[in-house]
1. Using modelled amide H (1.01 Å from N, peptide plane; none on Pro or chain starts), what sits under 5 Å from the amide H of S159, excluding residues fewer than 5 places away?
2. Segment 191-240: percent of C-alpha pairs farther apart than 19 Å?
3. Applying 1/(1 + (r/R0)^6) with R0 = 41 Å to the Cβ-Cβ distance of V3 and A212, what FRET efficiency is obtained, to the nearest 0.05?
4. Given the DSSP H assignment, sum -39500 (n - 2.57) over each helix run of at least 4 residues in the chain and divide by its residue total; what's the result at 222 nm in deg cm²/dmol, nearest 500?
5. Net charge near L228: determine it from the other residues with C-beta under 14 Å of the C-beta of L228, scoring Lys and Arg +1 and Asp and Glu -1.
6. Once each part is reduced to its C-alpha centroid, what is the distance from segment 83-153 to segment 29-51 in angstrom?
7. So which DSSP H runs in the chain come out at 30 Å plus along the axis (Cα) with average Kyte-Doolittle of at least -1.0?
8. Quickly work out the L250-to-R95 label distance, labels modelled 7 Å from Cα along the C-beta direction, and quote it in nm with one decimal.
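Read-outs throughout are calculated quantities, based only on the coordinates presented, and are distinct from any laboratory measurement. In this text the structure is predicted, and so the values were computed from the model without any measurement. All Cβ positions, even for glycine, are placed from backbone atoms using ideal geometry, and neighbour counts span all protein chains on display.
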Amino acid sequence: MSVGRAIRGAVGFLTRIPVGGSETDWDAFRRAAYSLPVVGYLVGSLSGGVFFLPVQPPTLVAAYLGGIYLLTGVTHADGLADLGDALAVHGDADRMRAVLKDSATGVGGALLLGVTLLVMTLGVLSFAGIGSWRAFRFVVAAEVGAKLGMALVACYGRSAHDGLGAHLVDELDHRSFASAILVSLPAVAAAPDGLAVALVAAVATGPAVGLAILTWGHRELGGVSGDLLGATNEVGRALALHVGVSVWILS
């Protein structure tokens, strides 16, 4: 079944979960934008499960952060670091693309990665003690939104250069994005009292970040890359946690 193959391909590509997979699964995944938020539900649910543990909020935060990177690895974070280096460099698009391809991490990359991790940590800490179910719903919404942001970049972007990201970007177009939106809607369904608007805001943050990174990539690089997809995921998740809890407090 193509849907099952697409989801297996997405899980294999976006996480470290050993699902096997084949070239057919990979091909199905890169033609199925909806598979990205599906992985968001999986990663968000598994990492968010720690909030049901009977421990103090700081321990919950540490367990959540550890769970996220055990599940997803460091590929997306590496893309974020590469983006930080590109933002720090002075030069034209060719120079920026060269920096993105460089495996070494510079000051710009380390700074952006560190700040994003700090933002994510503080975001999780802000709601770690508000109740297990509410915290769980926040992290699932943030993860689904982050993957929806990746889908937006892939569906509306054009590839800046040959690479792994181009295999996804070149196969999708703006019509594919509708399926990703539909799959993301359950993340805001059956919300606990007072949480509906906050969950919508959390999910919407990922595409907002994706739009910003997409615009920057097209303007400065002539397109997008796998690094920008990964950066969208990391920044989208971190900001979504803050936006969601802030809207909840203010509503």
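1. Those lying under 5 Å, H to H, from S159 are V224.
2. On the way: 422 of 1225 pairs.
Value for segment 191-240: 34 percent of Cα pairs lie more than 19 Å apart.
3. 0.85
4. Rounded to the nearest 500, the figure is -24000 deg cm²/dmol.
5. Result for the local shell: -2.
6. Using only Cα atoms, the two centres lie 17 Å from each other.
7. Details: long enough: 107-127 (31 Å, 2.20); 132-156 (36 Å, 1.00); 196-220 (37 Å, 1.16); 226-250 (36 Å, 0.94).
Counting only whole DSSP H runs, the qualifying helices are 107-127, 132-156, 196-220, 226-250.
8. For R95 paired with L250, the spin-label model returns 3.8 nm.
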